[in-house]
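Please read the structure below before turning to the comments.
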């Protein structure tokens with residue numbers, strides 16, 4: 001999907017020299033200065049991207065997304081409508097964040113305190129979050145993990161695992177493309193099947209293959 005001819009922005013002023021020429025930004029979006037926007041990025045209606053954020057190649061930001069100062073969004077990640085990504089949330093490449101998912105960065109928030117520290121959250125390569133899920137700060141969602149819609153995540157989700165519920169609990173293993181589920185004791189070597197080769201971009205498939213090979217090698221040395 002691409003912006004219509006009427007919706008495309010005019011040639012970028014010089015101060016926007018960190019925007020790639022192929023990026024498409026809806027006129028209603030507000031992008032602050034010193035933002036890096038990569039090739040083929042799509043930024044839709046009413047998005048707000050704060051200064052010094054980095055939006056890498058192929059990223060899509062849906063309607064009403066908020067990207068905080070200095071946040072980096074990995075290449076080919078898709079962030080759906082109504083998601084706010086605050087400082088301390090680290091999003092790797094090929095991630096999917098469903099509509100109205102919620103991130104936090106402070107486990108004990110108050111309206112005003114003299115000092116507080118950001119607690120980081122990590123989404124590793126290929127991680128997916130279902131619509132309306134809440135991700136408590138301080139957790140890591142492993143490579144090609146998946147969180148079911150409407151879940152509340154309070155603990156780490158390992159790579160290639162599916163978690164869901166209130167609170168979210170790891171229920172099964174899942175393949176790289178997310179179409180096949182397996183019992184928890186399934187060997188890692190079975191988590192990259194023909195469905196993955198069919199459904200994934202080649203580069204994404206290769207990333208999953210490389211991770212699994214490293215994981216299998218590491219486990220064999222124990």
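Quick notes on this one:
- One residue from 129, 135 being surrounded by 18 or more Cβ atoms within 10 Å (Cβ to Cβ), at pLDDT 95 or above and either touching a helix residue (DSSP H, G or I) at 6+ places or on another chain (Cβ under 7 Å) or more than 27 Å from residue 214 (Cα to Cα) (or both): 135
- Some residue of the stretch 115-124 being more than 29 Å from residue 67 (Cα to Cα) and outside any loop (DSSP other than H, G, I, E, B): no
- Checklist (1) surrounded by fewer than 22 Cβ atoms within 10 Å (Cβ to Cβ); (2) over 16 Å from the mean Cα position of the chain (by Cα); (3) closer than 25 Å to residue 89 by Cβ applied to residue 206, failing item: (3)
- Members of the stretch 97-119 found to be surrounded by 14 or more Cβ atoms within 10 Å (Cβ to Cβ) and without any contact (Cβ under 8 Å) to a residue 40 or more places away in the chain, listed by number: 97, 99, 100, 101, 102, 103, 104, 105, 106, 119
- One residue stands out in the stretch 189-222 among those that are in contact with a helix residue (DSSP H, G or I) (Cβ under 8 Å, 6 or more places away or on another chain), in a loop (DSSP other than H, G, I, E, B) and touching a residue at least 24 places away in the same chain (Cβ under 8 Å): the one that is nearest to residue 142 (Cα to Cα), namely 191.
The values are calculated or read from the model by the stated rules, or taken from the named source; none is laboratory data. Given the structure is predicted, the values throughout are model-derived calculations rather than measurements. FYI the Cβ positions are ideal-geometry reconstructions off the backbone, even for glycines, and counts take in every protein chain you see.
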